Amino acid sequence: MVRVLVALAVSLALGVLAACSADRVTDGSTSGSIPPEFGGPADPDASRDESAGGGGLPDNVPPGGPAEDVPAGATLTEQIVRTGDLTVDVDDITSAANRVTALVDAAGGNIGSDQRYGDAADGSADVVLRVPPDRFDELLDTISDLGKELSRSVAAQDVSTVVADVDARVESLQNSVDRLLALAAQAVSVSDLITIESELSARQAELASLQAQQRALTDQVSLATLSVRLTASSDPERAETGFLAGLRDGWNALVDAGAGLISIIGLLLPWLILLLVIGVPLWFLVRRRRRPATPTPATAGSAPGPGTPSEEPISEPAGSEPVRRRE
């Protein structure tokens with residue numbers, strides 16, 4: 001009997017101890033707080049405030065990202081983006097484009113792109129220049145003096161507010177990311193860690209996008225952009241009229257015709273020589289073969305051959321020439 005009572009007492013004590021431990025674990029996981037022994041706050045209310053919303057995120061982290069407006073009373077630094085377009089007609093595309101490149105290098109800028117079309121005397125070139133803003137006007141006038149200016153367009157855009165807004169958002173997001181990293185290092189439950197990492201990934205992606213915009217704005221402000229188009233097209237000459245102009249055109253036509261005739265003769269002369277070398281001997285050979293054979297005359301006193309009619313003298317009256325009778 002005593003043994004049964006002792007066993008019941010021990011079982012009861014173990015059940016009470018297990019219930020207390022379960023309540024403690026349930027309270028800690030539900031609130032998302034970090035126990036003091038793991039570096040969390042000693043005040044349970046403070047821990048409950050930090051983990052409000054079930055995500056383990058502090059109240060000072062803006063739920064929708066960083067503030068998009070510039071803080072009131074902030075002093076804005078003037079940020080100007082300068083751009084320009086210039087078209088110049090030059091005599092030689094190659095020399096003019098090389099001159100533009102040298103001017104940009106001397107001004108401390110760089111060539112964004114250089115595209116050339118056609119030949120030097122009748123072509124075009126498109127060159128994009130990135131130059132310091134304080135040398136923009138000087139370089140514009142210098143390039144214009146390389147030839148005849150056809151068009152010019154210059155613009156200046158104030159992006160001071162945009163730059164300040166992007167800088168503020170980048171700074172706010174960077175602070176938010178730092179706080180999330182600190183919370184992730186102190187998280188003890190898996191649910192809090194997953195929530196913090198998800199929010200951290202979204203904030204880091206937004207921060208990278210804003211930093212890219214910040215770099216692009218800085219580049220546009222630090223270097224002005226000038227697009228230069230160079231052209232080289234000769235103007236058509238006006239046709240001259242009058243007696244002298246006609247005489248000159250006729251003489252030029254005669255000279256051209258003579259030059260053309262001489263060229264034709266020079267072209268055909270080797271073929272004529274070849275035809276003579278081959279044709280003349282061939283002509284003599286053919287002519288010799290076509291010549292008929294001459295008959296050999298009969299000798300006197302020879303007997304007439306068979307079938308040849310004999311000639312006999314025919315008596316004629318006195319005083320007349322004798323006539324031979326042919327039989």
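The values are calculated or read from the model by the stated rules, or taken from the named source; none is laboratory data. Keep in mind the model is a prediction, meaning the values are calculated, not measured. Every residue, glycine among them, receives a Cβ derived from its backbone with ideal geometry; neighbour counts consider all protein chains shown.
If you check Thr87, Thr83, which single one turns out to be farther than 15 Å from Leu223 by Cβ, polar (S, T, N, Q), touching a strand residue (DSSP E or B) at 6+ places or on another chain (Cβ under 8 Å) and surrounded by 14 or more Cβ atoms within 10 Å (Cβ to Cβ)?
Exactly one of Thr87, Thr83 is farther than 15 Å from Leu223 by Cβ, polar (S, T, N, Q), touching a strand residue (DSSP E or B) at 6+ places or on another chain (Cβ under 8 Å) and surrounded by 14 or more Cβ atoms within 10 Å (Cβ to Cβ), namely Thr87.
Take Asp178 and tell me if it is exposed (fewer than 15 other Cβ atoms within 10 Å of the Cβ), closer than 30 Å to Arg99 by Cα and not small (Gly, Ala, Ser).
no
Which numbered condition trips up Gly123, out of (1) modelled with pLDDT of 90 or more; (2) surrounded by 15 or more Cβ atoms within 10 Å (Cβ to Cβ)?
(1)
If Ser160 satisfies all but one of (1) among the hydroxyl-bearing types (Ser, Thr, Tyr); (2) in contact with an Asp or Glu (Cβ under 6 Å, 6 or more places away or on another chain); (3) within 30 Å of Ser233 (Cα to Cα), what's the number of the condition it fails?
Every listed condition holds for Ser160 apart from (3).
Of all the residues that make up region 92-111, how many are among the small types (Gly, Ala, Ser) and surrounded by 15 or more Cβ atoms within 10 Å (Cβ to Cβ)?
Adding up the residues that qualify gives 4.
With the checklist (1) more than 30 Å from Ala224 (Cβ to Cβ); (2) without any contact (Cβ under 8 Å) to a residue 24 or more places away in the chain in hand, flag the one item Asp145 doesn't pass.
(1)
Looking at region 201-260, which of its residues are in contact (Cβ under 8 Å) with a residue 24 or more places away in the chain and aliphatic (A, V, I, L, M)?
Result: Leu207, Leu210, Leu217, Val221, Leu223, Ala224, Leu226, Val228, Leu230, Ala232.
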